[in-house]
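The next block holds one structure in the form of structure tokens; read it before the comments.
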Amino acid sequence: MDNDIEEQDTFPVERDGEDENQGTQRRRGRRVEKFQKNVSKWMLPEELQETYLERANCCPPPIFIILVSIVELGVFIYYAVWKPQKQWITIGVGIWESPLTYKPELREQAWRFISYMFVHAGVEHIMGNLLMQLLLGIPLELVHKGFEVGMVYMAGVLAGSLASSIFDPRSALVGASGGVYALMGGYFMNAVVNFKEMSLVFGIFRILMIVLIVGTDVAFALYRRFLTDDSGMKVSFVAHIGGGVAGMTIGYVFFTNYNKKLLKDPRFWMCIVGYIAFLLFAVIFNIFLSPASSM
């Protein structure tokens, strides 16, 4: 009997500490589960929410949209420090001299059709874009992962600059609005197509929220393009439309094919072929037909 007692005494049990750790883990697990449920309600129809929750995790994390946002913020701070007298409020001279800004007379520098996304025209401009792409992009990336969200975002950026070069060929371009509008366009189509799968109030709220945000932002872009007396180059608003159309086509296919194989979906190939046709036309237009050639 004494031996049994001695053996038991050599293994002390700290039940209070273990219970506290287990309780903390359970609370953390409940918070993560609640967050994932909210994400699924915003991003997926009801029939797919259970499938998502069964395999939901944050690995890999939403790295694409976070990295893009950090780079955009870093570039803005760089130019704000370089030309602090104006850049914190509105368009400054520094960004027009940037090798990243899209300028119609320098469109032969092809990287500008993409790099303009990193340069913003002021605090309101960058904060609006960052807020929207983080609030929408992170949940989208949790559901659809970084590759799909990145493809839609970059397709919107490129479509925005090419559309601007065709329909507003004498205007410059800065900002990530093309990519942001691609995410919103894809999400909007998802909300419309899956409207019946959502509760009536929730479905109406999602659509009205996007319409309100897009309407306000486009109105501000039109005001800045046509009604302000700012000196220097005018900033095009067409990238908003080009990015939105890209999102409503390519983004729609990506964001409504959760847990399905895209290569077997004919809509995917229709959107890809249409997008490539647009790219080819835009390249030919910029080489041979653009009125910006006379600038």
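Among the residues of region 122-161, those identified as under 20 Å from residue 79 (Cβ atoms) and of a type outside the set (A, V, I, L, M, F, W, C) are 122, 124, 125, 128, 129, 133, 161. Restricting attention to region 145-173, the residues that are open to solvent by less than 10 Å² (accessible area, probe 1.4 Å) and either modelled with pLDDT under 90 or farther than 22 Å from residue 275 by Cα (or both) add up to 2.
Only one of the numbered conditions (1) at pLDDT below 80; (2) of a type outside the set (A, V, I, L, M); (3) open to solvent by 40 Å² or more (accessible area, probe 1.4 Å) is violated by residue 194, and that is (3). Remark: pairs (first residue in region 150-162, among the hydroxyl-bearing types (Ser, Thr, Tyr); second residue in a helix (DSSP H, G or I) and open to solvent by 10 Å² or more (accessible area, probe 1.4 Å); Cβ separation under 7 Å; 6+ apart in sequence or on different chains) = 161/113.
Identify, please: which residue in region 260-295 is in a helix (DSSP H, G or I) and polar (S, T, N, Q) and is, among those, nearest to residue 106 (Cα to Cα)? Top of the filtered list is 293.
Do we find that residue 52 is open to solvent by less than 10 Å² (accessible area, probe 1.4 Å), modelled with pLDDT under 90, among the aromatic types (Phe, Trp, Tyr) and on the phi < 0 side of the Ramachandran plot in this structure? The answer is yes for residue 52.
The values are calculated or read from the model by the stated rules, or taken from the named source; none is laboratory data. Not measured: the values here are computed from a predicted model. As a convention, Cβ positions derive from the backbone with ideal geometry for all residues, glycine included, and neighbour counts pool all protein chains shown. Surface areas here come from the heavy atoms of the whole protein model, side chains and all, with no ligands, DNA or RNA. Shrake-Rupley method; radii C 1.70, N 1.55, O 1.52, S 1.80 Å.
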